[in-house]
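This report refers to the structure that appears directly beneath it.
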Amino acid sequence: MKIIVTGTAGFIGFHLARRLLAEGHEVVGIDNFNDYYSVKLKQDRHRLLEACPNYRLERMDLTEGDKLLALVRDWQPDVVCNLAAQAGVRYSLTNPHVYQKSNLEGFLNILEACRHGNPQPRLVYASSSSVYGGNTKLPFSEADRVDTPISLYAATKKANELMAHSYSHLFGLQTVGLRFFTVYGPWGRPDMAMWLFTESMLAGRAIKVFNHGNMQRDFTYVDDIVQGLYGAMFAPGLDPYEVFNLGNHRSENLMDMIRLLARTLGVEPKMELLPMQDGDVPATYADVAKAQAKLGFAPATPISVGIPAFVEWYRQYHGV
Ligand SMILES: NC(=O)c1ccc[n+]([C@@H]2O[C@H](COP(=O)([O-])OP(=O)(O)OC[C@H]3O[C@@H](n4cnc5c(N)ncnc54)[C@H](O)[C@@H]3O)[C@@H](O)[C@H]2O)c1
């Protein structure tokens, strides 16, 4: 199949593209290689992809609507998978406008490009567990109301779902939104807790633990996310507008995750216990019954397997 993946220099887009390429699909990747985190890490991921003859990169920004439109019109992909976005809850408190550009204007350009495709591709796009905001009913279900985001990042992801709904309704565009729950694994993101904790622990520094460690997270291994993405891209029988949780369906205590990580690294963790951060939520936990039923989603990686795999990659990549 012919598939456009945006954000291929990023964590999840890289993993998805790598598997698609290995299975012989034709992939056009889109990324702007911005410096939100290490550009070298993005280039290193990209180098692995560009070694595949069935991969081509379009280095562009999602705000370049005309280029996107022409690409979808001329190349006629079967699926567009939009994983490029400005990620990060905390960064959205200090840099709101980049979220407006990449996540709202950029996403509108994706919708317009898909709408005008002939034939129209299926659009799969990243939403986020953060749309559940301050909801307290656990596990989070797609049937729950999500009208109270508590960060601009979350608001842009909820906006994407609303925008997709209108395009499905008006233009018959098949859209599938995926609410990812704290994704981790090899080639992960340097701004996320698992990476930050690993970096600090290896340097003998104290890790910053928010809400005094009283947090629960549904940690989802990246290979499981890729399996869910496959379902979203290829499953038959979906409604024109769909939204699914993709989580591990296990909510782990943050302190247990820290202990396991420290044990794997062979260190005694030093902790700086801090209050809750603005925009953050105390607990996430995904109900994945809908994704199981319609996408064949079957998360299979507990943190006891996923954390050692991340640490092994981290040590190898950094030579530490
Ligand atoms: N990793 C997680 O735990 C998680 C959780 C929930 C949702 N998500 C969402 O999943 C998607 C992928 O996340 P990720 O962890 O791979 O993030 P990432 O930051 O590693 O990847 C995003 C990529 O998109 C690119 N990009 C950003 N803005 C762009 C623009 N305007 N034009 C072109 N390229 C642009 C970046 O350079 C980056 O390579 C994002 O939409 C993110 O919001 C991720």
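According to the square roots a ≥ b ≥ c of the eigenvalues of the Cα gyration tensor, what is the shape class of the range 11-132, taking rounded for a/c under 1.5, prolate for a/b larger than b/c otherwise, and oblate for the remainder? Oblate, since a/c reaches 1.5 and b/c is not below a/b. Ordered by the number of other Cβ atoms lying within 10 Å of each residue's own Cβ, fewest first, 81, 114 fall into the sequence 114, 81. Classify the range 94-137 from the C-alpha gyration tensor, please: rounded if a/c falls under 1.5, else prolate or oblate depending on whether a/b exceeds b/c. Oblate.
For the chain, the 222 nm mean residue ellipticity estimated from helices alone, with every DSSP H stretch of n ≥ 4 adding -39500 (n - 2.57) and the total spread over all residues, rounds to -12500 deg cm²/dmol. Looking at the range 201-282, the trypsin sites (Lys or Arg not before Pro) that sit in a DSSP loop and have at most 15 other Cβ atoms within 10 Å of their own Cβ are 205, 270. The stretch between residue 313 and residue 40, if pulled fully straight at 0.36 nm per residue, gains 96.7 nm over its current Cα-Cα span.
A DSSP coil position with no more than 15 other Cβ atoms inside 10 Å describes the following trypsin sites (Lys or Arg not before Pro) in the range 54-107: 90.
Pairs of Cα atoms nearer than 8 Å and 6+ residues apart set the relative contact order; for the chain it is 17 percent.
DSSP beta bridges fully contained in the chain are about 5 percent antiparallel.
Where a number appears in this text, it was derived from the coordinates with a stated rule and is not lab data. It should be emphasised that the depicted structure is a prediction, and the values quoted were computed from it without experimental measurement. Cβ sites come from the backbone with ideal geometry, for glycine too, and all protein chains shown count toward neighbours.
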